[in-house]
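The values are calculated or read from the model by the stated rules, or taken from the named source; none is laboratory data. Please read these numbers as outputs of a predicted model, since none were measured by experiment. Positions of Cβ are backbone-derived with ideal geometry, glycine not excepted, and every protein chain shown enters the neighbour counts. Ligands, DNA and RNA are excluded from the accessible area calculation, which covers all protein heavy atoms including side chains. Shrake-Rupley method; radii C 1.70, N 1.55, O 1.52, S 1.80 Å.
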Amino acid sequence: MNADFARRPAEAILNADEIARRSAELMLGADQAAKLLGIVLRSVRPGGGEVTMVVRPDMVNGWDTCHGGVIATLADTAFAIACNSYGVLAPAAGFDITFLEPGRVGDHLLARADERAVKGRTGLYDVTVSRLRPEGTPGEPIAEFRGRSRTVGRPLFD
């Protein structure tokens, strides 16, 4: 056991779920784009998380469907929560998104991110964006997103 770790008071030692929660709260607290879009944290866990958003009239494109950039931002937010859930800064290195169905005004969307692999400083995460059913369960996917992160080694908090 690391001697510095052993000297820390018990209340300062966080478990993995607490680190994930604090990381998500810190990041979302400063994320002005997520606030503007009404993105809300639903859950977080080490390597994963969920966010939701309601499609508003000001989020649609010229075809009266949810703008792809808005859906990508929702997915990217879930991805960011997942790859930063270990308490270490891990910005995006890139992502791809495939749109399967359009979002519509009034849709409650859920983006669920799951870690697929971490090798060295590189992480790979999949995000599924679905409409939420009235009972709160995910429906059919409307988009699939794959994100790549690159850990830079800076702790998010003490």
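Among the conditions (1) of a type outside the set (A, V, I, L, M); (2) under 9 Å from the mean Cα position of the chain (by Cα); (3) open to solvent by less than 30 Å² (accessible area, probe 1.4 Å), the only one that Asp107 does not satisfy is (2).
Within the range 110-123, the set of residues being touching a Pro at 6+ places or on another chain (Cβ under 9 Å) and either open to solvent by less than 40 Å² (accessible area, probe 1.4 Å) or assigned to a loop (DSSP other than H, G, I, E, B) (or both) comprises just one member, Leu110. Within the range 66-84, the only residue that satisfies the criterion of being open to solvent by 40 Å² or more (accessible area, probe 1.4 Å) and under 8 Å from the mean Cα position of the chain (by Cα) is Asp76. Selection over the range 46-65 of residues that are open to solvent by less than 10 Å² (accessible area, probe 1.4 Å) and outside any helix (DSSP H, G or I) gives a count of 6. In the range 65-84, the residues that are at positive phi never reach a residue that is open to solvent by 20 Å² or more (accessible area, probe 1.4 Å) with C-beta atoms less than 9 angstrom apart, at least six apart or across chains. Filtered by the rule that a residue be small (Gly, Ala, Ser), assigned to a helix (DSSP H, G or I) and out of contact with any helix residue (DSSP H, G or I) (no Cβ under 7 Å at 6 or more places or on another chain), the range 71-93 gives Ala72, Ala75, Ala78, Ala82.
Restricting to the range 89-98, and then to whatever is open to solvent by 50 Å² or more (accessible area, probe 1.4 Å) and of a type in the set (A, V, I, L, M), can you tell me which residue is nearest to Ala16 (Cα to Cα)? The extreme case among them is Ala92. The residues on offer are Asp158, Asp126, and the sole one that is open to solvent by less than 40 Å² (accessible area, probe 1.4 Å), under 27 Å from Val88 (Cβ atoms), out of contact with any helix residue (DSSP H, G or I) (no Cβ under 6 Å at 6 or more places or on another chain) and not small (Gly, Ala, Ser) is Asp126.
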